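The values are calculated or read from the model by the stated rules, or taken from the named source; none is laboratory data. Here the structure is a predicted model, which is why all the values come from computation and not from measurement. Ideal geometry is used to build each Cβ from the backbone, glycine not excepted, and the neighbour counts take in all protein chains shown. Note: accessible area is taken over every heavy atom of the protein model, side chains too, but ligands, DNA and RNA are not part of it. Shrake-Rupley method; radii C 1.70, N 1.55, O 1.52, S 1.80 Å.
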Amino acid sequence: MPVKKSVFALSAYIAWCLLSPVLGAQQTMSSFDRDRAQGILQVIANEVKKHYYDPKFHGVDWDATVADAKQKIAKETSFNMSMAHIAAALGTLNDSHTFLLPPQHAYRMEYGFQYGMVGDRCFVTRVRPKSDAEAKGLKAGDEILALNGFQVSRDSLWKMQYVYSVLRPQPALRLTVSDPSGAQRQFTIATKFQFRKKVLDLTTGSDIWDLVRQDETEDHLLRARYEEYGHQLIALKVPEFLFSQSEVQNMVHKARKFPNLIVDLRGNPGGSVDTLKWLVGGMFDKELKIADRVGRKETKPEIAKPQHDPFSGKMVVLVDARSASAAELFAKIMQLEKRAVVVGDRSAGAVMESKHYEEHMGTDTVIFYGASITEWDLLMSDGKSLEHVGVTPDEVVLPTGRDLAEGRDPALARAAELLGVNITPEQAGKAFPYEWPPE
């Protein structure tokens with residue numbers, strides 16, 4: 001299978017995806033849906049023009065970009081393709097936190113495996129049991145050489161995942177992989193689709209309890225987790241920055257019982273600025289500036305205030321290529337202040353501050369959509385932004401394909417070693433077993 005050149009611009013990548021196979025047969029778009037698509041474009045274009053932090057749009061002619069998208073929608077054949085044109089228009093800003101939140105699909109989908117960057121290579125990180133991926137022999141540790149015919153890079157991966165998971169889910173993904181021994185194989189992995197109910201009854205029946213169970217499951221999967229190594233070390237896994245102040249205080253309280261702490265932010269996509277400030281405040285006995293927030297009209301500092309009785313021991317922070325936004329800010333602050341050693345892989349370089357604008361249209365049939373729009377750039381105490389740069393660890397420790405295949409975690413093992421605790425990569429790999437969400 002030939003490997004095509006990597007795509008670096010989100011707008012260019014989405015434009016290519018307009019030509020790719022999609023779920024279901026293509027149908028002529030009705031004038032009603034076309035008008036809706038044009039309406040969504042105009043609402044989001046106006047929100048960007050009003051709220052985007054850079055009134056010059058990084059040199060992009062925003063009005064011309066919107067006009068071009070409008071012309072393309074006028075000629076389109078499907079509503080999904082129209083959403084792709086809107087997403088591509090937003091992609092011209094080349095901003096990690098400005099993107100389309102399209103109307104929800106009528107189905108949930110899953111590809112049955114997860115994959116991500118390790119250094120400059122893309123690996124399958126886990127395969128769901130009883131999935132088509134497992135049945136066909138795809139395994140953790142397989143290196144992905146091509147995805148749907150395209151080479152995968154740090155710049156293109158998140159754009160691919162956005163297109164394939166949000167904009168235009170595919171009936172299958174075509175993979176060219178190399179296993180840890182170097183043998184190349186090709187797979188076509190079928191997607192599992194589960195169709196949602198169009199109307200939920202929240203007054204009687206089981207629908208409301210289904211929503212309650214979904215919320216409980218999400219809370220469980222995104223909880224903070226701990227692993228203790230004797231009386232010398234505790235490892236704290238923070239899956240996201242969406243915890244309350246009392247939950248963060250509980251994390252710090254548990255950490256204070258140990259002289260050494262590992263904060264594992266691998267796979268953490270970021271979240272709330274408040275959670276970030278509380279966690280930073282739990283590691284210092286002084287007020288600390290997180291960053292200068294540079295907005296359209298003003299620049300003002302984001303300040304973390306110290307918690308009562310913060311953690312004062314030694315610390316290592318773990319990051320990887322999926323650590324983004326608030327997770328990157330936390331790691332960089334610890335690095336700049338020489339409060340902790342950062343270990344792992346270079347982080348995502350997706351660090352801006354945005355707001356989600358939620359919109360809807362229609363009366364009898366209402367559709368919900370929106371956009372994430374960056375309202376602030378963030379400059380660290382060294383005067384630099386992490387956007388498109390990321391955090392470079394003090395020690396780069398990357399798992400190999402064989403490590404992934406055999407469940408070893410050399411980065412966590414090295415973090416423990418730096419804090420005077422010896423554990424093997426095999427032991428470290430058992431610390432935070434992955435939990436698949438229920439199907």
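Annotations for the structure displayed:
- The mean sequence distance of close C-alpha pairs (under 8 Å, at least 6 residues apart), as a share of the length of the chain, puts its relative contact order at 15 percent.
- Amide H contacts of Ser354 (H built 1.01 Å from N, in plane; Pro and chain starts excluded): Glu375 sit under 5 Å, all sequence-distant by 5 or more or on other chains.
- The aspartates and glutamates within cross-link reach of Lys130, meaning a Cα-to-Cα straight distance under 13 Å and a gap of 8 or more places when in the same chain, are Glu110, Glu439.
- Surface exposure of the chain, expressed per residue as accessible area with a 1.4 Å probe, stands at 49 Å².
- Taking all protein chains as they are arranged and a probe of 1.4 Å, the heavy atoms of Thr176 leave approximately 10 Å² accessible to solvent.
- Pairs from Lys257/Lys332; Lys237/Lys297; Lys70/Lys192; Lys49/Lys159; Lys50/Lys305 whose Cα-Cα separation, in the structure shown, is over 30 Å: Lys237/Lys297; Lys70/Lys192; Lys50/Lys305
- Given R0 = 45 Å, the distance between the Cβ atoms of Glu359 and Gln232 translates into a calculated FRET efficiency of 0.30.
- Trp158, Trp62, ranked by accessible area, largest first (probe 1.4 Å): Trp158, Trp62
- For Ile290, the residues whose amide H sits under 5 Å from its own are Glu302, Ile303, Ala304, ignoring neighbours fewer than 5 places away on the same chain, with H placed 1.01 Å from N.
- Between the amide H of Val342 and those of Val317, Asp394, Glu395, distances stay under 5 Å, these residues lying 5 or more places away or on another chain, with hydrogens modeled in the peptide plane.
- For the options Tyr164, Tyr357, Tyr52, a Gaussian network treatment of the chain with springs between C-alpha atoms closer than 10 Å singles out Tyr357 as fluctuating the most.
- Once all protein chains are placed together, His388 keeps about 110 Å² accessible to a 1.4 angstrom probe.
- Label-point separation, Gln245 to Leu336 (7 Å along Cα→Cβ), nm: 2.4
- Local electrostatic count at Arg402 - Lys and Arg +1, Asp and Glu -1, tallied over other residues with Cβ under 14 Å: -4
- Net charge over other residues, Cβ less than 15 angstrom from the Cβ of Phe284 (K, R count +1; D, E count -1): +4
- Length released on extending from Thr28 to Arg296, taking residue separation times 0.36 nm less the Cα-Cα span: 92.4 nm
- Antiparallel DSSP beta bridges within the chain, percent to nearest 5: 75
- Environment charge of Leu101, counting only residues whose C-beta is closer than 10 Å and scoring Lys/Arg +1, Asp/Glu -1: -2
- Of the solvent-accessible surface of the chain, computed with a 1.4 Å probe and all protein chains present, 51% belongs to carbon and sulfur.
- Residues considered: Ala67, Ala106, Ala87. Largest GNM mean-square fluctuation over the chain, using C-alpha springs under 10 Å, is found at Ala106.
- Dipole check for the chain: with +1 at the C-beta of Lys and Arg, -1 at the C-beta of Asp and Glu, and the Cα centre as origin, the magnitude is about 620 Debye.
- Rounded accessible area of Asp132 (nearest 10 Å², 1.4 Å probe): 50
- Reported label for calculated semi-axes √(5λ) of the Cα gyration tensor in Å given (i) 36, 28, 22; (ii) 41, 24, 20; (iii) 31, 30, 23: (i)
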